[in-house]
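Note sheet for the following structure.
The values are calculated or read from the model by the stated rules, or taken from the named source; none is laboratory data. Values in this document were obtained by computation on a predicted structure and should not be read as measured data. Virtual Cβ from ideal backbone geometry, glycine too; neighbours counted across all protein chains shown.
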Amino acid sequence: MKKRNYMNPYMAGVLLGLVLLAAMFFSGRGLGASGGIKYSVVSLVGAIDKQHVEKSPYYSKYFANGKSPLKSWLALEVLGVLLGGFISGALSGRLKFKIEKSPKISNRKRLLFAFLGGVFFVYGAQLARGCTSGAALSGMAVLSVAGFVTMLAIFGSAYMFAWFFRKLWI
């Protein structure tokens, strides 16, 4: 049997903390990813319908003075996370294309629910004006009460909804 090399979770936590510290030092902001998705969507809208972007007060601000939404640090962060994940998986021999799911459901249903979960997550992040992981990680790093409440809400709602959606994994 092939031995799997996983990182020690305590070391991973320390490294995540150092990345968060570096992000705050170099960019003046904490970590978060939903804004990167927003900038990607805004850029896509700009590529598809330039006239709509020019007329829209919301979209036009992202392209003011010849700016490109894809040059935002959040869009570059999301790209770095994707590339880093692929590189890490390849170097550790864990890069495989597979769908992890219960044998009771189809690949199509699993992918549909994963996609819908992502859509709801990003939509909720935009309603809250920031993503939950960024609010929890960055908030807890500066000992913000809101950061701790956010983390409790994330885990509490995950436990609550896990019962309803457990058949997608078990």
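Looking only at region 128-168, which residues are surrounded by 13 or more Cβ atoms within 10 Å (Cβ to Cβ), in contact (Cβ under 8 Å) with a residue 24 or more places away in the chain and hydrophobic (A, V, I, L, M, F, W, C)?
Across region 128-168, the qualifying residues are Cys131, Ala135, Leu137, Ala141, Leu168.
Regarding region 39-46, can at least one residue be identified that is under 23 Å from the mean Cα position of the chain (by Cα), modelled with pLDDT under 85 and assigned to a loop (DSSP other than H, G, I, E, B)?
So far as region 39-46 goes, no, none of its residues is under 23 Å from the mean Cα position of the chain (by Cα), modelled with pLDDT under 85 and assigned to a loop (DSSP other than H, G, I, E, B).
So Gly134 fits all but one of (1) modelled with pLDDT under 75; (2) farther than 23 Å from Leu18 by Cβ; what number is the exception?
(2)
Does Ala125 meet the test of being touching a helix residue (DSSP H, G or I) at 6+ places or on another chain (Cβ under 7 Å), under 18 Å from Gly17 (Cα atoms) and either free of Cβ contacts under 8 Å to residues at least 60 places away in the same chain or not in a loop (DSSP other than H, G, I, E, B) (or both)?
no
Quick one: how many residues across region 100-116 are at pLDDT 85 or above and either closer than 12 Å to Ser34 by Cβ or within 20 Å of the chain's Cα centre (by Cα) (or both)?
Residues in region 100-116 being at pLDDT 85 or above and either closer than 12 Å to Ser34 by Cβ or within 20 Å of the chain's Cα centre (by Cα) (or both): 7 in total.
Residues to consider are Leu111, Leu31, Leu16; find the one that is exposed (fewer than 14 other Cβ atoms within 10 Å of the Cβ), of a type in the set (A, V, I, L, M, F, W, C) and not assigned by TED's automatic domain parsing to the domain that holds Gly124.
Leu16
Here's a check for you: in region 91-105, which residue that is exposed (fewer than 12 other Cβ atoms within 10 Å of the Cβ) and free of Cβ contacts under 8 Å to residues at least 12 places away in the same chain is nearest to Phe165 (Cα to Cα)?
Among them, the one singled out is Pro103.
Scan region 48-93 for residues that are among the β-branched types (Val, Ile, Thr) and under 19 Å from Leu16 (Cα atoms) and jot them down.
Across region 48-93, the qualifying residues are Val78, Val81, Ile87.
Does Gly85 fit the bill of being touching a residue at least 24 places away in the same chain (Cβ under 8 Å), loosely packed, with under 12 Cβ neighbours inside 10 Å and in the same structural domain as Ala12 (by TED's automatic domain parsing)?
For Gly85, the condition - touching a residue at least 24 places away in the same chain (Cβ under 8 Å), loosely packed, with under 12 Cβ neighbours inside 10 Å and in the same structural domain as Ala12 (by TED's automatic domain parsing) - is not met.
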